[in-house]
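Structure, as structure tokens:
We did not get these values from a lab; they are worked out from the coordinates using the rules stated. All of these numbers come straight from a predicted model, not from anything done at the bench. Heads up, the Cβs are rebuilt from the backbone with ideal geometry, glycines too, and the neighbour counts pull from every protein chain shown.
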Amino acid sequence: MLSARTQLTDREQRLLKDAELYARDLRLADLTTEAMRELTVERGVDFATAVLYRVCTQEAPADQQKALPSADMQRRSRQLQIAIVPGAFYKEHPQTGADGRRLRQAATAMSFDCHPIQVESIGLLQPNAQIIIDWLLQHATRPTALVSFCKGGADLKLALGHPMAAEAFANVKAWYSVCGILDGSPMVDWIYQRPTTLLAARALFWLRGRDFQFVTQLRPGPASPLQPSFVPPDHLQIFHVIGFPLTAHLSNGRSRTWHRRLSRFGPSDGATLLLDVCRQPGHVLPVWGVDHYAAARVDWSALVQHIAFHAAPDPSFGSHITPPNRFAASTPR
């Protein structure tokens, strides 16, 4: 996936150039949580975001821009299906993009079968994980790519630890986690540290007949069901599509408020800490200038191209083709 933005401001260009010099000898393993906090305090959250972005792009695979030939796309679309695991509140607030509608439209336009997995919009982790397992056992009878959004990544992470996971994921070739909240969110800690806010949140859930465990389960820490690290099956490719926004890129009031609250911990996309996601098993696909809620700023057709290449069932399809990554064309260098 890539940002649909094609031009950078002068400030962005200067910031990225300075960050490139700063990050020249750094690796992701060098960037501890404390180091990112200190850098944020010393140079500001925008500079820290640019540095982390530069480190991630330095370690990302050096794919070149090249669209798949139409004949190959047709063959891949006949054999590969794409399944979407939506994010939280995708039914109540589809405008956030958590329903994956834009991806589904792009995939359908390229003749891929693309299906939403109907997890509960405000559902607990374990029941939603079971829904995913049941769907895969019934429908993943051919090569499948999974794309999860936001909290859907947490649901899918829990599904990987299910007793039936080996059978359910046997035909799943790739998992793309888009803005995934895989270890919970420090914003839940922020709520718990403020009794009045916590009381108001509990009251709101009670009035609407919702289980507040939905929030509690996303609180980072040893009590979280997301705490155990997961070991993906050997055949499963994992890609984390992560937005790296500056403060000027934040797309709405909620994103700006949460980004400001999370900035004391380091760079975030307005909902989750970027360094935490970068440390997950798999490959990082960094996207400049996109926050947690900016689905309209994403080139979803390019993501479908990426999925088609990496999840293609027949490896001979790609033997003579450079992996598509138009991300390189609009990614600031």
Highest GNM mean-square fluctuation among L226, L262, L199, for the chain with Cα springs under 10 Å, belongs to L199
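Give me D for the chain in µm² s⁻¹, whole number, from Stokes-Einstein with Rh from the Kirkwood sum over alpha-carbon pairs, 4 °C and 1.567 mPa s. Write down the numbers at each step before the final one.
Working: Rh = 20.3 Å.
Once the numbers are plugged in, D ends up at 64 µm²/s.
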Between their Cα atoms, which of K91/K173; K17/K91; K91/K157 are more than 31 Å away from each other? K17/K91
Given backbone amide H placed at 1.01 Å from N, residues whose amide H is under 5 Å from that of S268, ignoring those fewer than 5 places away on the same chain, are L274
Which value in deg cm²/dmol, rounded to the nearest 500, describes the helix-derived mean residue ellipticity at 222 nm for the chain, given -39,500 (n - 2.57) per DSSP H run of n ≥ 4 and division by the residue count? -12000 deg cm²/dmol
Using θ = phi - 60° and the Karplus relation 6.51 cos²θ - 1.76 cosθ + 1.60, list the HN-Hα couplings for region 264-269 in order, rounded to whole Hz, with x at every Gly or Pro. 5, 9, x, x, 9, 9
Which aspartates and glutamates, on any chain, are close to K151 with Cα under 13 Å apart, when same-chain ones fewer than 8 places away are left out? D99, E120, D183
The long-range amide H neighbours of S148, using H built 1.01 Å from N in the peptide plane and a cut-off of under 5 Å, are V85, Y176, S177, V178
If amide H atoms are built 1.01 Å from N in the plane of the peptide, which residues on other chains or at least 5 residues away come under 5 Å of the amide H of V284? H240
At a 10 angstrom cut-off on C-beta neighbours, averaged per residue, how do the peptides 16-26, 236-246, 142-152 rank from highest to lowest? 142-152, 236-246, 16-26
Pseudo-spin-label distance T108 to N252, built 7 Å along Cα→Cβ, given in nm, is 2.2 nm
Sticking with the crude label model, points 7 Å out along Cα→Cβ, report the distance from R37 to R202 in nm, one decimal please. 2.7 nm
